[in-house]
Each structure stands twice: as C-alpha cells, then as structure tokens.
Amino acid sequence: MIKALNIIFIQSFIYILAKIISKDNDLIVFGSSLGKHFSDNSKYLFLYLLQQNSSKKIIWITKNKDIYNELNSLNIPCEYLYSFKGIFYTLRASKVFLSHSIYDINGAMIGGAEIIQLWHGVALKRIGYNGEWFLNSFKDKIRLFFYTKLSVSYGMKCDKLVISTSLSKDTFKEAFYFSFRDNQIEKNMLLLGQPRNDLLDKNYTFNKKFFPEIDTLKEYDKKYNKIISWLPTHRRQLNKTIVDIIKESNLDIKDLDLFCQKYNILFVIKAHPDELDLVKDLLKDTKNIITYDIADPYPLLHFTDILMTDYSSVYFDFLITNRAIIFASFDLEDYEKTAKFYYNYDDITPGKKCMDWEEIKDEIENIVNGDDSFKVQREKLLIEGNFITKDNSKNIAEYFKLI
C-alpha cells in the first residue's frame, strides 16, 4: 500500500510538471497495447496519417525496444518512451491517441495533452465502471477518489472517446462514466469509426513496408478455397488457456486437419501471445491447421472467409465484410457467469452457436456449399447498429484537423 501511494505521489508530481510544460500544437504522439505492440486502432490511424503526409509531426511511442528498432529500420517515426527524445516528445505533445489505456504511453507524462481514446472494439462483456470495478464498498469509494482526483491512477481517463457504432453508446456511457475530465460523456463520445476496420474493405491497398506478412497471406488466399480464422477470447477470468479450451471441447486435431484437407481449407488459430508456444506444440504434425503468431490480426481478417470466435468483440468488426461467422461458445454458461454481458448473447450474435466440433464441421460444410443462413441477420445488425463501415481513419483525421 505504501509503495503504491509513493508511486502515485511521484506520478502526480510528473503529471503536474507535464501540465506546466508548454505544448506543441503540431506534435501528436500515438501508443497502443500498454506500449508492447505496434497494433490496433492507433496503428492504423498513425499509418494513414503517414501515407497522407500529415502536416503534423506524428510519433509512435513504445516501451518495447524491439518495436523501436523495427520501426526505425523502416524509417517510421518512433521513439522509445524511456529515452530523452521519448520523454521530450511525450511531454510536449498536444494530442495523444491511445487504444487501450493511458499506460499505452505514460499517464503522468501526457498531463495537459488532449487524450483521444480510440479503444479496441465494441464491448460484449462488461468493462470499466460496473464491469471491472463498482461502487459497492468503502474500498471502491477510495478507488473512485483516486480515479477522479488523481488522473494518473485511472487507465481509462480520456477527453474524447471514438466509437464505431451506436450500439456502443449506452454501454460505453456506463463503462467510461468516470473517465472524462469534464464529465460531459455524451458530448465526448464521437461516432467516427475504428481505423483498424479500414483493412476490412476489400479494396484496401497493403503497403509491404508496413505489412511484411502480406505476401504470405496472399499465397494462402490463392492456395486454399477457404481461410477460416479462429480467434478465441483470452479466458483469464476462468484461469484457462486456449489449450484448456481445445482439450475440454474434445477437439480431435487430426480429424479436423483431415476435414480441412478434404475441402482445401486453411484453419488458422490466432491465440493470445502468451499461449502461442502451447498451441504450436499441439499442431506440429498438421498440414492445414496453423497458428498465426503476428500480434495484429487485421491483415489476416482481410483474407478470412469464415471467422470463428466466441465472445470476442472482433466479430462486430467482421460484420463489415458480411462474411460468415461461427460462434464456438463451448463454455458459454461458465463464461457468462464470470464476465457478464451487456447484451443477450443469442440476440447479438448473428451466426451458428456451436457447442462441439461436430456442429462446427457441419456448419462449415453448409457455408462451403453456399448455405449461409445468417447473412440477413448480419446485415440487419449492421444497419440497426449504425456501424461506421468505411473511411474510419479519414473521419478521425478530419474531425481533429490532422490533415
């Protein structure tokens, strides 16, 4: 407790110092994924601005030296946070774009800057206030005091929140209730779209400089009749890995591999980075089942014909393509008890809900043979949810006068 208070005290001092330091109106910094990866909505807005030759000075800030070295080798403006330049640019930036938390960069150092939270999806399970924390106890009230009085202690603090669908309005209004500095929640939520969804446009042009994986993905697209991507939710609440899900669902990997060979399907498993090696060990003898070990799944989704997931918000993004979705919700009852959803799961999931692998294979066969029975339901949800389906980066860039 004393250590935590000392950290908050030091961060608060830096935050006050950052607010005093004058800001450069033409300097904007970007961060994502707690500083670990070059990915998500921040990445795609950043790349869009680079390619549009933005008049602003834009810099990616990372806590990962491998990312720093990689981006600099590509002549992409990036600074390591804990360097002189990284600290200088962060303290001087007038705007900060994030995708997960103020800790994508550093909550203290961005004091005084306008914080624009691009977030990372449409929430199916409860997040933030009344999701991950409540006001049910004295401890919660202490937490609220720190969150509202000491901005550096609340990861979801922001000035603007960009959303991609009107579905998010009421849920995010609750989740981000204590996030905005001026507490004017409705005014600060902007329906502009998610930059990462620009990649799901069939006409999106991939620059190999930014997407070295693109040649491999194009080869897959030519070689196989269908690409199925399985993106299961990380089940930390249940203390389970994807391997646990594979075993508990009684997946016969050899049988699935033979099934995929029969239909010339590539089955791609995008596991959580911490679980990659575990999955690779299970798939060492397969021909048509592979793992995807790149942190950013959106180039893969561009080429995906059938998305398979369970409770991940990625399916809301995939709706834009109007391609088939299968929900492998093997442990729905247990997961829903732990995570709690904003919506009725059956009402909001336009795809077959499969409780075992035989059901999954049957649904794949149906889709392969042209029987996509959820197409109308997907279209209906897309329209009723008022999803922003294109020009997401452009919308944001124009709103904030970045180009």
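The numbers here are math on the coordinates, done by the rules we state, and not lab data. Everything numeric in this text was worked out from a predicted model, so none of it was measured. Cβ sites come from the backbone with ideal geometry, for glycine too, and all protein chains shown count toward neighbours.
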Less than 13 Å from a label point 7 Å out along the Cα-to-Cβ axis of GLU70: which backbone N atoms in the stretch 248-281 qualify, by residue?
273
Pairwise FRET efficiency - GLU358 versus SER166, Cβ, R0 = 41 Å, nearest 0.05:
0.65
Full-extension gain between GLU333 and ASP26, please, as 0.36 nm times their residue separation minus the C-alpha to C-alpha distance.
105.5 nm
For the stretch 224-239, 3J(HN,Hα) per residue [Karplus equation, 6.51 cos²θ - 1.76 cosθ + 1.60, θ = phi - 60°, Hz, x = Gly/Pro]
10, 5, 9, 10, 10, 10, 9, 10, x, 5, 6, 9, 5, 5, 9, 6
What dipole magnitude, in Debye to the nearest 20, does the chain give about its Cα centre under +1 on Lys/Arg Cβ and -1 on Asp/Glu Cβ?
1820
Can you match percent of Cα pairs over 35 Å apart to one of these, (1) 41; (2) 29; (3) 37, based on a calculation from the structure here?
(2)
Calculate for the chain the 222 nm mean residue ellipticity that helices alone would give, adding -39,500 (n - 2.57) per DSSP H run of length 4 or more and normalising by residue count, nearest 500 deg cm²/dmol.
-11000 deg cm²/dmol
What number, in percent, do you get for the relative contact order of the chain if the mean sequence gap of Cα pairs under 8 Å and at least 6 apart is divided by its residue count?
17
A student applying the Cα gyration tensor rule (rounded when a/c is under 1.5; otherwise prolate if a/b is larger than b/c, oblate if not) would label the stretch 338-390 oblate
Length added when fully stretched, LEU276-LYS149, from 0.36 nm per residue minus Cα-Cα:
41.7 nm
Going by amide H atoms built from the backbone, whose H comes under 5 Å of the H on SER101, apart from near neighbours?
SER33, LEU34
When a/c is below 1.5 the answer is rounded, else prolate if a/b is larger than b/c, else oblate, so apply that to the stretch 32-104 with a ≥ b ≥ c taken from the square roots of the Cα gyration tensor eigenvalues.
rounded
As an exercise, take the mean of 1/r over every pair of distinct alpha carbons in the stretch 15-162, invert it, and state the Kirkwood radius in angstroms.
15.9
Let me know the charge dipole size of the stretch 214-384 about its Cα centre in debye, to the nearest 20, where only the beta-carbon of Lys, Arg (+1) and Asp, Glu (-1) is charged.
360
Mean-square fluctuation check for the chain, GNM, Cα pairs under 10 Å: which of GLY112, GLY31, GLY121 is largest?
GLY112
Tabulate in residue order the Karplus-calculated ³J(HN,Hα) for the stretch 359-374, using 6.51 cos²θ - 1.76 cosθ + 1.60 with θ = phi - 60°, rounded to whole Hz; enter x for Gly and Pro.
5, 5, 5, 4, 5, 4, 4, 4, 5, 4, 8, x, 9, 9, 7, 10
Looks like the stretch 83-193, by Cα gyration tensor root eigenvalues a ≥ b ≥ c and the a/c under 1.5 rounded cutoff (else prolate when a/b is bigger than b/c, oblate otherwise), is oblate
Going residue by residue through the stretch 9-14, the Karplus relation 6.51 cos²θ - 1.76 cosθ + 1.60 with θ = phi - 60° gives ³J(HN,Hα) values, rounded to whole Hz and with x marking Gly or Pro, of 4, 5, 4, 5, 5, 5
How big is the stretch 214-384 along each principal axis, measuring the range of its Cα positions in Å and listing the largest first?
39, 36, 29
Have a look at SER373, LEU161, SER55 and report the one farthest towards the positive end of the charge dipole of the chain, computed about the Cα centre with Cβ charges (Lys/Arg +1, Asp/Glu -1).
SER55
When the chain is modelled as a GNM with alpha-carbon springs shorter than 10 Å, which of VAL314, VAL243, VAL29 fluctuates the most?
VAL243
Which value, in debye to the nearest 20, gives the size of the charge dipole of the stretch 303-347 about its Cα centre, when Lys and Arg are +1 and Asp and Glu are -1 at the Cβ?
160
Quick one: compute the contact order of the stretch 294-350, relative version, from alpha carbon pairs under 8 angstrom and 6+ residues apart, as a percent.
30
Go ahead and set up a Gaussian network model of the chain, Cα springs under 10 Å, then flag whichever of PHE374, PHE316, PHE134 fluctuates most.
PHE134
Selection from PHE38, ILE290, GLN261 lying farthest towards where the dipole of the chain points positive, charges on Cβ
PHE38
Would you mind calculating the relative contact order of the stretch 30-168 from Cα pairs under 8 angstrom and at least 6 residues apart, reporting the percent as a whole number?
24
